[in-house]
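Here is the structure we will look at, set down as structure tokens.
The values are calculated or read from the model by the stated rules, or taken from the named source; none is laboratory data. All figures in this text were calculated on a predicted structure; none of them were measured in a lab. FYI the Cβ positions are ideal-geometry reconstructions off the backbone, even for glycines, and counts take in every protein chain you see.
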Amino acid sequence: MEKIFNNTEVAFILKNNKELKRAHFLFKMISNRALVKIGSSLANFAIKTHLPVQGLIRATVFDHFCGGISENDCLKVVDRMYSKGVSSVLDYSVEGKETEEQFDAALNMTLKTIAFAKDRHQAIPFAVFKPTGFGRFFLFEKKGEKLPFTKSEQQEWDRILERFEIACKDAFDKDVYLLIDAEHSWMQDAADEVVLEMMRKYNKEKAIIFNTVQMYRWDRLEFLKKLHETAKNEGFHVGLKVVRGAYMEIERSRALEGSYTSPICVDKAATDINFDAAVTYMLENLDTMALFAGTHNESSSYMLMELMTKHNIRHNDTRMWFGQLYGMSDNISYNLADHDYNVAKYLPFGPVNEVMPYLIRRAEENTSVAGQTNRELSLIETEIKRRKNA
Ligand SMILES: Cc1cc2nc3c(=O)[nH]c(=O)nc-3n(C[C@H](O)[C@H](O)[C@H](O)COP(=O)(O)OP(=O)(O)OC[C@H]3O[C@@H](n4cnc5c(N)ncnc54)[C@H](O)[C@@H]3O)c2cc1C
């Protein structure tokens, strides 16, 4: 297969020289583990004590990884990306909320992004939300462990179910695909059950509701196949975002502390095998499944492209999407779009101080996946050189 991801001219077509240099500076900083640690603590401290650092954060990490502070802000970026065939998923990245008002606000934001998606169908084909955006983490955990709720907890849980129902019905009515993110394993069982109910209800004709499976979990391939069996028996379509998983360290340390078997694959190679097996299975069953492959991994992406050719699946078949995060792996996103594949990038937005946990996770992820940061740096350097010589 032709190595299309090395084409840096296509990868950075939307970045002017100044933006390219900023990206280089940013990834250089992120590649320094100590700097990321100090920077994260300083940013948290400055925000908590209301020091005027928002301008600095916006000009550096925020604008690189986020579309803006509001959904309206993002539209400029959405249109710009879509001019090169790359779609967006507007991702309200405010996390860790605990009150009913905040959960209602998250639902309203999800409904707003579904409406945006309806208006700009191809440019914003998906909406997304996190289960714990709609209700307390603790309740998902308790439900998953089958522990009895108190009366008021039951009422709270009913409101969570109602929020799921309102969002999913709205996506169905407006014909907008809806992704539901996956989180920590000890709250995920309850979320999976609710999403299964939503798929049963709204995926009868095609996949509209997409759950997420994290393939760093060794039990997810079996989970996926079982879900597919259920869907075939009952007559609905399975929509799944397949990712490797973002919470590995905390999953491992919690398992160690609680003396239970870690849900995470033994090593990276095992996760890679698991991920590739899941996306292969889904691609081979597209008559009843739809796949959103959320990954920055080049070899998994090449493998999927090869499989699509092998099975005669059109590049822009609506049941097969590639996804990356805004500010990362543009070489994959823009080169895929340049070859007519369906690609959507998560475009996070929200007030600067509220998005900080998301930004810190991105910085830490790029630090811990050293190979990924080095790849970003070397691609940017290649493009800077290419422009100089052009
Ligand atoms: C569009 C999109 C949506 C996403 N949505 C979610 C979501 O809903 N929930 C979520 O949890 N994450 C989500 N992620 C993040 C994702 O799970 C990964 O953390 C991230 O994409 C890195 O994995 P990769 O496949 O891109 O790249 P790679 O660099 O190939 O893989 C890195 C990943 O491999 C796994 N890994 C690394 N080392 C080991 C090891 N020693 N043993 C076992 N496994 C290891 C980890 O999962 C790590 O994140 C999303 C990512 C994208 C692009």
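Among the residues of the stretch 307-336, how many are within 14 Å of Val10 (Cβ to Cβ) and within 18 Å of the chain's Cα centre (by Cα)?
The number of residues fulfilling the criteria is 7.
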Can you tell me which residue within the stretch 233-276, out of those that are crowded, with 18+ Cβ neighbours inside 10 Å and among the basic types (Lys, Arg), is farthest from the ligand (Cβ to nearest atom)?
Lys241
Log entry, pairs with first residue in the stretch 238-263 being closer than 19 Å to Phe210 by Cβ, second being part of a helix (DSSP H, G or I), beta carbons closer than 6 Å, six or more apart or on different chains, reads Val238/Leu227; Val238/His228; Val238/Ala231; Val242/Ala278; Val242/Val279; Arg244/Thr271; Arg244/Phe275
Quick check: is even one residue across the stretch 365-372 more than 12 Å from the ligand (Cβ to nearest atom) and within 25 Å of Phe129 (Cβ to Cβ)?
no
Starting from the stretch 331-349, take each residue that is closer than 15 Å to Lys241 by Cβ and list its partners that are in a helix (DSSP H, G or I) and of a type in the set (Val, Ile, Thr), counting only C-beta distances under 9 angstrom and pairs at least six apart or across chains.
Val343/Ile332
Conditions: (1) touching a residue at least 60 places away in the same chain (Cβ under 8 Å); (2) of a type outside the set (Lys, Arg); (3) in contact with a Leu (Cβ under 8 Å, 6 or more places away or on another chain). Leu20 meets all but one. Number of the miss?
(3)
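Conditions (1) closer than 18 Å to Asp181 by Cβ; (2) at pLDDT 95 or above; (3) out of contact with any strand residue (DSSP E or B) (no Cβ under 8 Å at 6 or more places or on another chain), marked per residue:
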{"site": "Asp79", "(1), (2), (3)": "no, yes, yes"}
{"site": "Gly96", "(1), (2), (3)": "yes, no, yes"}
{"site": "Met109", "(1), (2), (3)": "yes, yes, no"}
{"site": "Thr132", "(1), (2), (3)": "yes, yes, yes"}
Residue list for the stretch 331-388, restricted to those being assigned to a helix (DSSP H, G or I), modelled with pLDDT under 95 and either closer than 30 Å to Arg319 by Cβ or among the charged types (D, E, K, R) (or both)
Glu354, Tyr358, Arg361, Arg362, Glu364, Glu365, Gln372, Arg375, Glu376
Leu221 meets each of (1) hydrophobic (A, V, I, L, M, F, W, C); (2) in contact with a Leu (Cβ under 9 Å, 6 or more places away or on another chain); (3) assigned to a helix (DSSP H, G or I); (4) more than 16 Å from Phe129 (Cα to Cα) with one exception, condition (2)
Can you report the number of residues in the stretch 104-159 which are basic (Lys, Arg) and either in a helix (DSSP H, G or I) or in contact with a helix residue (DSSP H, G or I) (Cβ under 6 Å, 6 or more places away or on another chain) (or both)?
6
Could you pull out the residue among Arg159, Arg163, Arg217 that is crowded, with 19+ Cβ neighbours inside 10 Å, of a type in the set (Lys, Arg) and closer than 20 Å to Ala105 by Cα?
Arg163
Which of the residues spanning the stretch 277-299 are more than 12 Å from the ligand (Cβ to nearest atom) and part of a loop (DSSP other than H, G, I, E, B)?
Glu284, Asn285, Leu286, Asp287, Thr288
Among residues belonging to the stretch 191-214 that are more than 16 Å from the ligand (Cβ to nearest atom), part of a helix (DSSP H, G or I) and not aliphatic (A, V, I, L, M), point out the one that is surrounded by the most Cβ atoms within 10 Å (Cβ to Cβ).
Tyr202
State whether one or more residues within the stretch 8-22 are basic (Lys, Arg) and within 22 Å of Asp338 (Cβ to Cβ).
yes
